[in-house]
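What follows is a set of notes on a single structure, which appears directly below.
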Amino acid sequence: MQDPFAGPGYDQFKKKILALTSLDLDIYRQPQLQRRLQSLLKKNGVSTFDGYFQLLLNNPQARLDFKSDITINTTEFFRDTDQFERLRTTFFPEFVERSSRDLRFWSAGCSVGAEAYTLAIMMREYFPQATFSLLATDIDRDVIKTARQGTFKPSEIQDVPEPLFKKYFRQRGDRYEVIETIKQAVVFHTGNLLRDPFDWGFDLISCRNVMIYFTQEAKDLLYQKFQHALKPNGVLFVGSSEMILNPVTFGFESAGPFFYRKTQF
Ligand SMILES: C[S@@+](CC[C@H](N)C(=O)[O-])C[C@H]1O[C@@H](n2cnc3c(N)ncnc32)[C@H](O)[C@@H]1O
């Protein structure tokens, strides 16, 4: 049987998807991406990329499912609790000591906002005197809309420590909403990490469970862009499967597992 990913149909599909959704399928690791695409075709009962594209064009729900299956929006508050504990005990105190005014944090690839709101809750709770701004961006317009609403499924808030849960969340039907002061602490924007220019001057960039799906080339590009976007001694925080093998090459030093400090200015 002919490999459907080897023919011109797949290349055409990738081009049309880029125009329709701004998703560049070439930045994803191909074996995993192809498995996800195959299962989407099967689930939707179509056998060709052309047929699948027509469906995506005409059916908004199929388009939403496609985007969420490809970009994988799964997230939760305090995802990998130990690492957030290190932020609280090691890095936040260091940032605050350096300057308790105008700290800048960025949740890059924020999905529906759980990570950004986690950072905001931690700052409000443990460093109430410090002032900070918190940017959160994602390529997916729909997750950004949900993020701004600030309501979450029970599975997304299960690791919030009880005292913080009581203080910072309110139940809304079968969902949980972060309180207004936390919502107001985060500015959400749509943005493509690989194509868009970055802001500058961040103390912390948290980019977790985003690069895992990217090719090595795309990761290397991002390491460089993040390095430029950090302040001197600023810190990049990555996901549990996203350790950087050669941080020095990109102007970072390891600051313990999953944290990298900008060393070259
Ligand atoms: C698995 S979620 C991670 C959410 C959160 N960082 C966490 O660890 O819980 C990955 C997110 O990265 C976003 N993403 C994928 N490619 C992106 C790109 N090129 N630019 C910006 N965001 C992207 C996806 O839309 C998705 O919401």
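The values are calculated or read from the model by the stated rules, or taken from the named source; none is laboratory data. Treat the numbers as computed from the prediction; the structure is a model and nothing was measured. Glycine gets a Cβ as well: all are built from the backbone with ideal geometry, and neighbour counts include every protein chain shown. With ligands, DNA and RNA removed, areas are computed over all heavy atoms of the protein, side chains included. Shrake-Rupley method; radii C 1.70, N 1.55, O 1.52, S 1.80 Å.
Yes/no matrix, rows are residues, columns are (1) modelled with pLDDT of 95 or more; (2) over 26 Å from GLN30 (Cα atoms); (3) not assigned by TED's automatic domain parsing to the domain that holds LEU134:
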| residue | (1), (2), (3) |
| --- | --- |
| LEU194 | no, no, no |
| PHE198 | yes, yes, no |
| ILE205 | yes, yes, no |
| ARG208 | yes, no, no |
| ALA218 | yes, no, no |
| TYR223 | yes, no, no |
| LEU230 | yes, yes, no |
| GLY234 | yes, yes, no |
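Counting only residues that are in a helix (DSSP H, G or I) and either over 27 Å from VAL210 (Cβ atoms) or more than 21 Å from the chain's Cα centre (by Cα) (or both), how many does the range 46-69 have?
Going through the range 46-69 one residue at a time, the tally reaches 13.
Could you please let me know if PHE49 is modelled with pLDDT under 90 and over 19 Å from ASP142 (Cβ atoms)? Talk me through it step by step, then tell me what you get.
Working: modelled with pLDDT under 90: no; over 19 Å from ASP142 (Cβ atoms): yes.
Against the criterion (modelled with pLDDT under 90 and over 19 Å from ASP142 (Cβ atoms)), PHE49 does not qualify.
Here is a list: LEU134, LEU119. Which entry is outside any helix (DSSP H, G or I) and surrounded by 14 or more Cβ atoms within 10 Å (Cβ to Cβ)?
Within the list LEU134, LEU119, the selection yields LEU134.
Among residues belonging to the range 148-178 that are hydroxyl-bearing (Ser, Thr, Tyr) and not in a strand (DSSP E or B), point out the one that is modelled with the lowest pLDDT.
SER155
Restrict the check to the range 62-84 and report whether at least one residue is away from the ligand (no atom under 16 Å from the Cβ) and open to solvent by 70 Å² or more (accessible area, probe 1.4 Å).
no
Can you spot a residue in the range 87-108 that is within 16 Å of the ligand (Cβ to nearest atom) and in contact with an Asp or Glu (Cβ under 6 Å, 6 or more places away or on another chain)?
Yes, some residue in the range 87-108 is within 16 Å of the ligand (Cβ to nearest atom) and in contact with an Asp or Glu (Cβ under 6 Å, 6 or more places away or on another chain).
For the range 189-214, enumerate the residues that are away from the ligand (no atom under 12 Å from the Cβ) and open to solvent by less than 30 Å² (accessible area, probe 1.4 Å).
Start the filter on the range 189-214 by keeping residues that are away from the ligand (no atom under 12 Å from the Cβ), which leaves 197, 199-204.
Hits for the range 189-214 are GLY201, PHE202, ASP203, LEU204.
Name, by its number, the condition in (1) more than 21 Å from the chain's Cα centre (by Cα); (2) within 16 Å of the ligand (Cβ to nearest atom) that does not hold for LYS43.
Status for LYS43: all satisfied but (2).
Test ARG141 against the criterion of being over 24 Å from LEU64 (Cα atoms) and either within 16 Å of the ligand (Cβ to nearest atom) or exposed (fewer than 15 other Cβ atoms within 10 Å of the Cβ) (or both), and give yes or no.
no
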